[in-house]
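A quick write-up on the structure given underneath.
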Amino acid sequence: MVVAAMNYRLAPETQWPGGGEDIAAAVQWLRSRIVAHGGDPAAIVVVGQSAGASHVADYLALLAREDGLEPPAGAVLISCLYDVANAADLPIHRAYWGDDLAQWARKSPFDAVIDTGVPLLLAVAEHDQSAFHAHAAALTTAWFEHHGTYPPLRYLPGENHLSTVYGIGSADDTLGPLLERFVIDALAD
């Protein structure tokens, strides 16, 4: 596997949908260069945690709205706030989604995550803040109503908001094996 770590422009200098656009630009950049590093442009899996997961979700929404964007082979959203309309009114959220709370619903990637054809791995940590659990529960309910199945959501016992990703490769790694299995399965399809 070839791994590329990226960053994204920060709010308030860049607001919604900047994060999703940054993911799209990174995927396009990787597609044009990955062969030189032994990778396959058709086998890109995007992974995000917390704000990064929200940006990956925004990227899935961007794929649904814009022609010409090629979807990734898979997407992983760890500790994500899926439903912007039901996110807490916090300064950090206003910096990205804007001060007009009435507009937050149209900025939500919630439906795009449910409707995407991109293979998904979703995760929430046991010790994430309650908002992450509430968003995962709402997504689970809506997913079941839409698909008649349980979403590809994993509950990570004993983990907190940061230990999920910081623990990858450690003796206590719970997320890494799930990621590896997901990537293998997503690329096998």
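The numbers here are math on the coordinates, done by the rules we state, and not lab data. All of these numbers come straight from a predicted model, not from anything done at the bench. Cβ atoms come from the backbone with ideal geometry, glycine included; neighbour counts cover every protein chain shown.
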Requested in this report: Output yes when any residue across region 75-83 is closer than 26 Å to THR149 by Cβ and of a type in the set (D, E, K, R), and no when none is.
Outcome: yes
Query raised in the report: Could you count how many residues in region 172-189 are free of Cβ contacts under 8 Å to residues at least 60 places away in the same chain, among the β-branched types (Val, Ile, Thr) and under 12 Å from PRO119 (Cα atoms)?
Result: 1
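Could you say which residue among HIS147, HIS135 is under 14 Å from the mean Cα position of the chain (by Cα) and either over 11 Å from ILE78 (Cα atoms) or of a type in the set (Asp, Glu) (or both)? Spell out how you get there, then give the answer.
Values: HIS147 fails: under 14 Å from the mean Cα position of the chain (by Cα).
So the residue among HIS147, HIS135 that is under 14 Å from the mean Cα position of the chain (by Cα) and either over 11 Å from ILE78 (Cα atoms) or of a type in the set (Asp, Glu) (or both) is HIS135.
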Query raised in the report: Just one of GLY20, GLY74 is in contact with an Asp or Glu (Cβ under 6 Å, 6 or more places away or on another chain) and under 25 Å from ARG154 (Cβ atoms); which is it?
Result: GLY20
**Report entry** Complete set of residues in region 1-59 that are aromatic (Phe, Trp, Tyr) and either under 22 Å from ASP99 (Cβ atoms) or touching a helix residue (DSSP H, G or I) at 6+ places or on another chain (Cβ under 7 Å) (or both)
**Finding:** TYR8, TRP16, TYR59
Report summary line: Residue hits (region 142-171; of a type outside the set (Lys, Arg) and under 21 Å from GLY117 (Cβ atoms)) are ALA142, TRP143, PHE144, GLU145, HIS146, HIS147, GLY148, THR149, TYR150, PRO151, PRO152, LEU153
Query - Subset tally (residues that are not polar (S, T, N, Q) and not in a loop (DSSP other than H, G, I, E, B)) for region 9-52 - result: 24
**Report entry** The lone exception for MET6 - which of (1) surrounded by 13 or more Cβ atoms within 10 Å (Cβ to Cβ); (2) more than 16 Å from the chain's Cα centre (by Cα); (3) part of a loop (DSSP other than H, G, I, E, B) it fails
**Finding:** (2)
